[in-house]
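Input: a single structure, listed below in structure tokens.
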Amino acid sequence: MNQIHTISQLFRHILLQRKLSLASKQAAMTPVQLSLITESWWYSSSCGSGNLHVESISGVVQEALGRASMTVHDVDAVAVTVEPGLALCLKVGLDHAKSLVRLSGKPLIPIHHMQAHALTARMTDRVDFPFLVLLISGGHCLLTVARDVADFVLLGESLDDAPGEAFDKIARQLNLKNLPQFTSVSGGVAIETMASQGDPKSFDLPLMLTQVRTCDFSFSGLKSQAKRIIAHEEKRQGVSRDDILPNAADICASFQYGVLKHLARRVQRSLLFCELSGLLPKHKTLVVSGGVGSNQFIRSGLQKVCDMYSTQLICPPPRLCTDNGVMIAWNGMEKLLCGKNFSAADPEAVDFQPKSPIGEDISSSVRDAAIKLSPLKLL
Ligand code: KG4
Ligand code: ZN
């Protein structure tokens, strides 16, 4: 029940947030009544069960509308995530969105989950197209240039794990959930908190893909090395596999620093590539979003890279970096208001896509450019 309550709060927030954003940020646009969303991916990670997903969605939408003293007839459009994500969850969201559209006759606006993450920054800050985006979450890791509301080019992405996944696995291996302060937070938050008490230089973790001059990422080697360190320290200190290592904070700090170093090198190359290829204007902006983007240590490290290349760094507030419904509503509203027709001509024909690239893949051009990097000082 607690999960469902949280979902209700989220929807309520979307309804209120919409009014706020319109008033403060988009004064030049025609005011719209309401953009209502159904955010499937969010449910999948929060509820963890397809059945609960199905059972919850109708009540959540009704409660959200009720709290806003509105009905579905008051909304301007129904924006719904259709790509990428878990098929089961996307289907629940899309089916429900279609039922709302049948009931209300409002347009259906299909949304790409990763594009929505990328564009959230335009709700919180003044960010004009084109801009560079680093998306770092539990399921994704990519560098992209957002050229317009639905026009993205991909510079590079993870070849194996996503960074959030690596944070979660290392937190689990360190048994951080056994500490009362971490029982209900993500592995990433637990590691960031522990790391603030540790020395990032205490353990040497390898820098990944140093020989490959691309903007692609790899986190599996980093994760394996951190696991080896934990196993070795447990043995050395005679700590059982269920206990917390006395030097867990140092391991967290070193691992987090390892993640930052890898991200920073790829961002550095992407900024140079954008300069070389004219993909970004003179005054460049980097948006960092996705769950891992709420990590303050990583943000401050990336700020140093941005300072080196006269680039503005924008990070949405943590609650909008992690998966949320507001970003889907915002993306729907941008699509609705930008004048191009992003509404589905036939809502019933709209289908979901579990796998779907964010845009045109130009990572081979990045590889061909083979940009060599000058040293970075992050600490
Ligand atoms: O974007 P998100 O909410 O969901 C998707 O994966 O799409 O990201 C969740 C991920 C989790 O792996 C979580 O551990 C990580 O983001 N995360 C963090 C932090 N907060 C959340 N990782 C590092 N530092 C954080 N402060
Ligand atoms: Zn996400």
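The values are calculated or read from the model by the stated rules, or taken from the named source; none is laboratory data. As the structure is a prediction and not an experimental result, all values here were calculated from the model. Every residue, glycine as well, gets a Cβ built from its backbone with ideal geometry; the counts of neighbours run over all protein chains shown. Heavy atoms of the whole protein, side chains included, go into the accessibility calculation; ligands, DNA and RNA do not. Shrake-Rupley method; radii C 1.70, N 1.55, O 1.52, S 1.80 Å.
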Would you check if there is a residue in the stretch 328-345 being within 17 Å of the chain's Cα centre (by Cα), within 13 Å of ligand 1 (Cβ to nearest atom) and part of a helix (DSSP H, G or I)? yes
Test: Glu157 is at pLDDT 95 or above, surrounded by fewer than 24 Cβ atoms within 10 Å (Cβ to Cβ), charged (D, E, K, R) and within 10 Å of ligand 1 (Cβ to nearest atom): no
Please determine whether any residue of the stretch 129-136 is of a type in the set (Val, Ile, Thr), within 16 Å of ligand 2 (Cβ to nearest atom) and in a strand (DSSP E or B). yes
Limited to the stretch 346-379, what total is found for residues that are exposed (fewer than 13 other Cβ atoms within 10 Å of the Cβ), over 23 Å from the mean Cα position of the chain (by Cα), of a type outside the set (A, V, I, L, M) and closer than 19 Å to Val153 by Cα? 2
Out of (1) closer than 26 Å to Lys304 by Cα; (2) within 16 Å of ligand 1 (Cβ to nearest atom); (3) open to solvent by less than 30 Å² (accessible area, probe 1.4 Å); (4) not aromatic (Phe, Trp, Tyr), the odd one out for Ala248 is which? (1)
Of all residues in the stretch 275-297, which are buried (at least 24 other Cβ atoms within 10 Å of the Cβ) and more than 16 Å from ligand 2 (Cβ to nearest atom)? Leu286
Just to be sure before I move on: is Ala150 small (Gly, Ala, Ser) and open to solvent by less than 10 Å² (accessible area, probe 1.4 Å) in the structure I sent? no
Subset of the stretch 167-193 (residues that are away from ligand 2 (no atom under 16 Å from the Cβ), under 15 Å from Ser224 (Cβ atoms), under 20 Å from the mean Cα position of the chain (by Cα) and of a type outside the set (Lys, Arg)): Ile170
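Among the listed residues Leu279, Leu286, which satisfies the condition of being in contact with a Cys (Cβ under 8 Å, 6 or more places away or on another chain) and under 24 Å from Arg367 (Cβ atoms)? Step through it out loud before you land on a result.
Values: Leu279 fails: in contact with a Cys (Cβ under 8 Å, 6 or more places away or on another chain).
Selected residue: Leu286, the only one of Leu279, Leu286 that is in contact with a Cys (Cβ under 8 Å, 6 or more places away or on another chain) and under 24 Å from Arg367 (Cβ atoms).
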Is there any pair linking a residue in the stretch 93-104 that is modelled with pLDDT under 90 to one that is open to solvent by 40 Å² or more (accessible area, probe 1.4 Å), with Cβ under 9 Å and at least six apart or on different chains, and which? Gly93/Trp41; Gly93/Phe352
